[in-house]
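The values are calculated or read from the model by the stated rules, or taken from the named source; none is laboratory data. Given the structure is predicted, the values throughout are model-derived calculations rather than measurements. Don't worry about glycine lacking a Cβ; one is built from the backbone with ideal geometry, like all the others, and counts go over all protein chains shown.
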Amino acid sequence: MTTPAATPAAATVASNPANATNPAAATDFSADALATRAIHAGQTPDPTTGAVVTPIYMTSTFKQDGVLGLRGGHDYSRSINPTRTSFDEQLAAVEGAKYALSFSSGLAAIDVLLRSTLRPGDNVLLGDDVYGGTYRLLSKVFVPWGVGLDVVDITDTAAVSAALESKDYKVIWVETPSNPLLNITDIAATAAVAHAHGVKVVVDNTFASPALQHPLDEGADAVVYSTTKYIGGHSDIVGGAIVVNDEETREKAAFLQNAAGAVPSPFDSWLEIRGLKTLDLRVRRHSANALKIAQWLESQPRDVVERVWYPGLESHPGHEIAARQMHGGFGGVVSVQLAAGAEAAKRFVDHTRLFTLAESLGGVESLIEVPAAMTHASVSGTTLQVPANLVRISVGIEGVDDLIADLDQALAAVSAQ
Ligand SMILES: *Cc1c(COP(=O)(O)O)cnc(C)c1O
């Protein structure tokens, strides 16, 4: 499947029915470039004042003109809020999709998509390298609820195919690039196999972001995001979203969102609108910086740097698929295994100055962590376990030479000890 760089297939984005009445949102939006959509979709100057930026509608409720005389469908902010609607329209347009629904966290979005899709007795086929929180939600909440869960090497289409022959599944859950080894799954090939068995494909597109990859165009049925990462982009909010084209999934998810209530605040939505406007610029810089850092790390002696994981490197097993499936870059996360082992990995992340030792990723500032001890500690001893000497780097948009100099001095400090 070829898609022009950073341009989703659908040029005109249908309005979310819930949004059609929103004074702050455009109804039909048409533009080719993702960067244009990111700035204009869902953003209409305020009709009363002309305010160019969507206001933060920090209100729980809305005045009714007579009983049920709602202004633009607005009754209560769990159900509908104009700032949230504005972000949902903007995100749908950036994705080239019909509908987006935003949530108070990535996991809240994942929970609502799964819970509105699955019933006890249904089975889920999960990649063996998914986000630990997704695995925890499925294995500790959905499995006791009666959902069957099987884990497979999702990058291996033959293994996926064999699993689908052996059992009835409702959903296949794909994360590409995955965390922290940046494994790459061929979305189109996986969707073809899944659809032949009547199984739906969900892609967690958090690592690529809509700036680089459009899973719906590749045949996926639904996309989820932790907008906490690249979409928010500034490490200042926790949020999530579901993006779909089909009305039935949107309706079920929107019903459960309102029924269960994990909605973002208007201020969260406003920060996400602000973040998404610059996504294209930021992700290009994240990707360019990450590629240079990955190449620099790979050029280090093997007795210092054992292995570098980055889909932009030809040495990465998923490089060819990533080059076809991702447009305009390979993302901002690089993982590296240190030859001196797990303790050296911990010392290394303790010696960087520009890279802050912290969980999470996708912000403008560079972060560094040891997954086995931090983000992935909860999957230790499971099929999702990661190497103990692995360091994950979320490359920010600082000057790349400064970042390389920082890694260089930290590696030297570790070697000296
Ligand atoms: C962070 C993350 C999540 C969870 O999102 P939260 O916003 O932290 O709830 C899900 N998937 C991926 C790939 C993530 O990186």
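Just a few scattered comments:
- Any hit, the stretch 349-359, residues being among the hydrophobic types (A, V, I, L, M, F, W, C), more than 22 Å from GLY275 (Cβ to Cβ) and touching a residue at least 24 places away in the same chain (Cβ under 8 Å): yes
- The residues of the stretch 237-284 that are within 13 Å of the ligand (Cβ to nearest atom) and touching a residue at least 60 places away in the same chain (Cβ under 8 Å), listed by number, are VAL238, GLY239, GLY240, ALA241, ILE242, ALA262, PRO264, ASP268, GLU272.
- Total residues in the stretch 378-414 satisfying the condition of being in a loop (DSSP other than H, G, I, E, B), surrounded by fewer than 16 Cβ atoms within 10 Å (Cβ to Cβ) and touching a residue at least 12 places away in the same chain (Cβ under 8 Å): the figure is 3.
- Residues that are in a loop (DSSP other than H, G, I, E, B) and either buried (at least 24 other Cβ atoms within 10 Å of the Cβ) or of a type in the set (Lys, Arg) (or both) within the stretch 233-264 comprise GLY233, GLY239, PRO264, listed in sequence order.
- Every pair of residues 6+ apart whose Cβ atoms lie under 8 Å, when the first sits in the stretch 105-128 and is more than 12 Å from the ligand (Cβ to nearest atom) while the second is of a type in the set (Asp, Glu): ASN123/ASP150; ASN123/ASP168; VAL124/ASP150; LEU125/ASP150; LEU126/ASP150; ASP128/ASP153
- Scanning the stretch 129-144 for residues that are in contact with a helix residue (DSSP H, G or I) (Cβ under 9 Å, 6 or more places away or on another chain) and either under 22 Å from ASP168 (Cβ atoms) or at pLDDT 95 or above (or both) turns up VAL130, THR134, TYR135, LEU137, LEU138, VAL141, PHE142.
- Test: residue in the stretch 305-313 that is free of Cβ contacts under 8 Å to residues at least 40 places away in the same chain, in the same structural domain as ALA405 (by TED's automatic domain parsing), in contact with a Leu (Cβ under 9 Å, 6 or more places away or on another chain) and part of a helix (DSSP H, G or I): no
One line per residue, one yes/no per condition, for (1) more than 16 Å from the ligand (Cβ to nearest atom); (2) not β-branched (Val, Ile, Thr):
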site: GLU306; (1), (2): yes, yes
site: VAL333; (1), (2): no, no
site: HIS376; (1), (2): no, yes
site: VAL386; (1), (2): no, no
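- Within the stretch 299-339, tally of residues that are closer than 23 Å to THR375 by Cα, over 21 Å from the mean Cα position of the chain (by Cα) and among the hydroxyl-bearing types (Ser, Thr, Tyr): 0
- Residues (touching a helix residue (DSSP H, G or I) at 6+ places or on another chain (Cβ under 8 Å) and farther than 13 Å from LEU101 by Cα) located in the stretch 246-266: ALA260, PRO266
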